[in-house]
Amino acid sequence: MSIQSTPGVYIEEISTLPASVASVETAIPAFIGHTDLAEKNGEDVRGVPTRITNMLEFEGIFGKGNPETFTITVEDNFDVAKGAGEKLASRKITANPPATASPYKLYYCLQIYFSNGGGPCYIVSVNDYVNVPVKGDSATPASILGGLEAIKAIDEPTLLVFPDVIPAVLPETVGSVYKDIYDAALSQCDILKDRFVVLDVKDVTADPFADAQNFRDNGVGISNLKYGAAYYPNLSTSLNYAYSPAVQTITHTNIYPSGAVLSEAGASNALTLGALETSDPSLYRSILAEIKKQYVTLPPSGAVAGIYARVDRQRGVWKAPANVDVRTVIGPSRKVSHDQQADLNVDATSGKSINAIRTFTGKGTLVWGARTLAGNDNEWRYIPVRRLYIFIEESVKKATEFVVFEPNDANTWLRTKTMIENFLSKLWRDGALAGAKPEEAFFVRVGLGQTMSAQDILEGRLIIEIGLAAVRPAEFIILKFSHKLQES
């Protein structure tokens, strides 16, 4: 308080309101993979975590998908002989994508992420489309592990997604492509305690149990399982392949009644699709329509990350991201039955639960699971419980930074306790915590003889103990029926 020496009126503002806890974001994914470009405002951003908010912004910095080369054929059938007033009877056009599609899925995963409700996210472009997506070394920016190391320094991301890690066509001989990466990502989550990994189960066999077993044996280790969730199978999307009209060549064949098949060297044979746009616009549009009938199959992590963001925004991070529709998809790449999901959902040996994506009559494609990889852990079995704790821990951590170097006395303890209790009370009212009354939903303890000893205070430690009764999803709905005997 200043000392007044001149007569007059002086104003002093007295702070009576406690500090507040600001909620951190809960669904800001970081996508780590390969892109066409990586240039922002004339600067190379390869290996640099870059924040974007929409698909247009992504394309302006990172370009589009890796163009596929289609096999395009045009077969014209004539009803009269050549040279005698030939007349076209029918035309058959085919446009088939390559048998081995590009392993680079980041562009498409971003499309399906935004269409499923995704918002701001980070992109770490580790290389272009020329190089194979190997795990590399954490010291090498042009590698998946290098990208993971780069995102470690950024505080905002809360989800880690690796669209390019396990394409089905990638040979297993290219290093331990996805196990080491997933293990490193889970380890980063355990160290930072502010993020969560969305994992894809490699979908390569006709047997879901075989795919699940391969993932449990070779796809992820046994540590830090509470910080990740796995999804299966791949998704048949309604997204079209990227392609370049300039490199799409066309084979044009004429067939006449005599049975002779002649490959014409005429106007449309051996031309590119781009050239055909001006020479034969009608045929160009027909071929384009056939190309757009071919759809991309993707690992589910991009769509799931978007669903996390959508559910968090509409309901809250404590709501399980399950029994929710998957948008921009035709359906799962394979059907998982009720009995098959039992093997995915619960594994007594490894505990590595896998969440199934299934199709239901009249409902469409739904995420039908909400377990972390720690499926045998009663504390951290469910995704919303783990993510709720991450959200609360990170929010309280940031809010209490003002206490550093404050006097470690009862006044500071009371201010801090009140601030945290107000925050948790709001979460309880919103439905994040279980209990009929606030004292049943949480507790906050701080003080000498409660959470701290005299030695703790001498050594500068202010210890706050927080207990939470997190709501858990109703995974199994059990209806019990019995016969009631006639009473009159």
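The values are calculated or read from the model by the stated rules, or taken from the named source; none is laboratory data. Treat the numbers as computed from the prediction; the structure is a model and nothing was measured. Cβ coordinates were reconstructed from backbone atoms using ideal geometry, including for glycine residues, and neighbour counts include every protein chain displayed.
At-a-glance table
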read-out	value
Region 140-157, residues that are in a loop (DSSP other than H, G, I, E, B) and of a type outside the set (G, A, S)	T140, P141, I154, D155, E156, P157
Unique match (being outside any helix (DSSP H, G or I) and crowded, with 17+ Cβ neighbours inside 10 Å) among F58, F31	F31
Any hit, region 231-238, residues being surrounded by fewer than 21 Cβ atoms within 10 Å (Cβ to Cβ), within 30 Å of A275 (Cβ to Cβ) and either in contact with a helix residue (DSSP H, G or I) (Cβ under 9 Å, 6 or more places away or on another chain) or not basic (K, R) (or both)	yes
Failed condition for E68, given (1) charged (D, E, K, R); (2) more than 20 Å from the chain's Cα centre (by Cα); (3) over 20 Å from L239 (Cβ atoms)	(3)
Among residues of region 305-353, those that are among the β-branched types (V, I, T), modelled with pLDDT of 95 or more and either assigned to a strand (DSSP E or B) or surrounded by fewer than 17 Cβ atoms within 10 Å (Cβ to Cβ) (or both), counted	3
Region 27-63 - residue that is of a type in the set (V, I, T) and touching a Ser or Thr at 6+ places or on another chain (Cβ under 6 Å) and, of those, farthest from P157 (Cα to Cα)	T35
Candidates T50, T6, T73, T26 - the one that is hydroxyl-bearing (S, T, Y) and without any contact (Cβ under 8 Å) to a residue 40 or more places away in the chain	T6
Meets criteria (free of Cβ contacts under 8 Å to residues at least 12 places away in the same chain and either of a type outside the set (S, T, N, Q) or over 22 Å from G118 (Cβ atoms) (or both)) for G351	no
Residue in region 415-429 that is of a type outside the set (A, V, I, L, M, F, W, C), in contact with a helix residue (DSSP H, G or I) (Cβ under 7 Å, 6 or more places away or on another chain) and modelled with pLDDT of 95 or more present	yes
Matching residues, region 29-47, being among the basic types (K, R) and free of Cβ contacts under 8 Å to residues at least 24 places away in the same chain	K40
Residue check for T26: surrounded by 15 or more Cβ atoms within 10 Å (Cβ to Cβ) and among the polar types (S, T, N, Q)	yes
Test: residue in region 428-439 that is surrounded by 14 or more Cβ atoms within 10 Å (Cβ to Cβ), under 18 Å from K397 (Cβ atoms) and free of Cβ contacts under 8 Å to residues at least 40 places away in the same chain	no
Test: residue in region 205-223 that is buried (at least 22 other Cβ atoms within 10 Å of the Cβ), assigned to a strand (DSSP E or B) and out of contact with any Lys or Arg (no Cβ under 7 Å at 6 or more places or on another chain)	no
Answer residue from region 446-486, given it is loosely packed, with under 14 Cβ neighbours inside 10 Å and of a type in the set (K, R) and is modelled with the highest pLDDT among those	R461
Meets criteria (out of contact with any Pro (no Cβ under 9 Å at 6 or more places or on another chain), closer than 22 Å to P384 by Cβ, aromatic (F, W, Y) and in a helix (DSSP H, G or I)) for F423	yes
Which listed residue, of S90, S20, is part of a loop (DSSP other than H, G, I, E, B), hydroxyl-bearing (S, T, Y) and not assigned by TED's automatic domain parsing to the domain that holds V124	S20
Residue in region 182-201 that is hydroxyl-bearing (S, T, Y), in the same structural domain as A320 (by TED's automatic domain parsing) and either at pLDDT 90 or above or under 20 Å from V126 (Cβ atoms) (or both) present	yes
Count of residues meeting criterion [of a type in the set (A, V, I, L, M, F, W, C) and touching a strand residue (DSSP E or B) at 6+ places or on another chain (Cβ under 8 Å)] in region 177-202	8
Subset of region 179-190 (residues that are more than 20 Å from I383 (Cβ to Cβ) and either surrounded by fewer than 24 Cβ atoms within 10 Å (Cβ to Cβ) or small (G, A, S) (or both))	K179, D180, A184
So G136, is it closer than 30 Å to Y389 by Cα and either part of a loop (DSSP other than H, G, I, E, B) or at pLDDT below 95 (or both)	no
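For (1) surrounded by 15 or more Cβ atoms within 10 Å (Cβ to Cβ); (2) without any contact (Cβ under 8 Å) to a residue 40 or more places away in the chain; (3) assigned by TED's automatic domain parsing to the domain that holds I464, each residue gets a yes or a no:
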site	(1), (2), (3)
I357	yes, no, no
G362	no, yes, no
A374	yes, no, no
W380	yes, no, no
Y389	yes, no, no
S395	yes, no, no
A399	yes, no, no
M419	yes, no, yes
